[in-house]
Amino acid sequence: MESKDLTDKQLKDLDSLFDLVSYRQLKDFGNISAKNKSDGSLVTNCDLWSDKKIVESLSIIAPNEGVLSEEGGKLVPKTNAYWIVDPLDGTTNFAAGIPYWSISVARFTDGKPQSSFLIIPTLKKKFVAIKGKGVWLNNKKVAIKNNQKSECVSLCSRSIKILQKKPNSIFPGKIRLLGVSSLNLTSVALGQTFGAIESTPKIWDIAAAWLLLEELNCSIEWLEMNPLHLSAEQDLQDTNFPLIAAWTEEKIKVLRPWGNLLVEK
């Protein structure tokens, strides 16, 4: 069955949901402890509350559409339209008192992101991307820019190891580590950095930012597995999607020799 675009009411209900979750996260920030999950990453009670609230609300806002979430089910839903949720991307920052994390939610149809929502509570920023229609920041359309001048590149904490593999080579950019995969990629989409290299992002880390990049004419190169090749009921708990994102294909070429170091055998 063909999946329809989200209605104005659904978009309004989602906006209210994200306001509620943002409020709770800001209230908990600085007053919460974290524990380690089996994969070594951190989780807080606020992660779990946020995940539960978003997943339960999506079942009302978009009934009969499946959900895959970081703190919940990790199987690709069988429904044609489904949601991918990272309720608090940047838990390490959140738990350490660093005011930089995001709520990252994307709706997929026919295996591709159709709409996405990325919220940065501390900066009071809400991004909405709609396939083929563009990106909005706090309800204002984001213009596609073709004259970016940033010299910065975002790396994740695990991709920093590529510098050790080429100790005698000069990295082609000023390195920034934000500690949040979704926001590393968003920095590329907004022109704050000209590229990003992500070593071990999970699908929920990249789902929302993926559409922002596409709608703002940025380039993505999947270094190993392409998430367009997902299949229903595929278990993504331990699947990584290493990638390079950049303004243009030319910038991808600049970063490719470094990104390839992540996946060389």
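Only the coordinates and a few stated rules stand behind these numbers; no lab work does. Given the structure is predicted, the values throughout are model-derived calculations rather than measurements. Note that each Cβ is placed from the backbone with ideal geometry, even for glycine, and that neighbours are counted across all protein chains shown.
Structure summary
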| item | result |
| --- | --- |
| Charge dipole (the chain, unit charges on Cβ, about Cα centre) - positive-most of 261, 102, 172 | 172 |
| Separation between Cα centres of segment 215-251 and segment 96-148, rounded to whole Å | 17 |
| Longest segment of the chain lacking GluC sites (Glu not before Pro) that sit in a DSSP loop with at most 13 other Cβ atoms within 10 Å | 3-150 |
| Degrees separating the helix 45-61 axis from the principal Cα axis of the chain, which is the longest one | 60 |
| Degrees separating the helix 8-28 axis from the principal Cα axis of the chain, which is the longest one | 70 |
| Too-long pairs where the Cα-Cα distance tops 21 Å, listed order kept, from 53/131; 4/133; 202/251; 141/253; 12/53 | 53/131; 202/251; 141/253 |
| Choice from 182, 157, 22 showing the highest fluctuation, given a GNM over the chain with Cα pairs closer than 10 Å | 157 |
| Beta bridge orientation in the chain: antiparallel %, DSSP, nearest 5 | 80 |
| Contact order normalised by residue count of the chain, Cα under 8 Å, 6+ apart, percent | 16 |
| Cα Rg over Rh - the chain, Kirkwood | 0.94 |
| Residue of 208, 95, 189 that the Gaussian network model of the chain assigns the largest fluctuation, springs spanning Cα pairs under 10 Å | 95 |
| Backbone N within segment 238-265 under 17 Å of label point (7 Å from residue 146 Cα along the Cβ vector) | 247-251 |
| Theoretical ellipticity at 222 nm over the chain - DSSP helices of four or more residues, -39500 (n - 2.57) apiece, nearest 500 | -9500 deg cm²/dmol |
| Interchain or long-range residues, amide H under 5 Å from residue 193's placed H | 188 |
| FRET efficiency for residue 56 and residue 96, using Cβ-Cβ distance with R0 set to 25 Å, rounded to 0.05 | 0.30 |
| Acute angle (nearest 10 degrees) that the helix 249-259 long axis makes with the longest principal axis of the chain, alpha-carbon atoms | 80 |
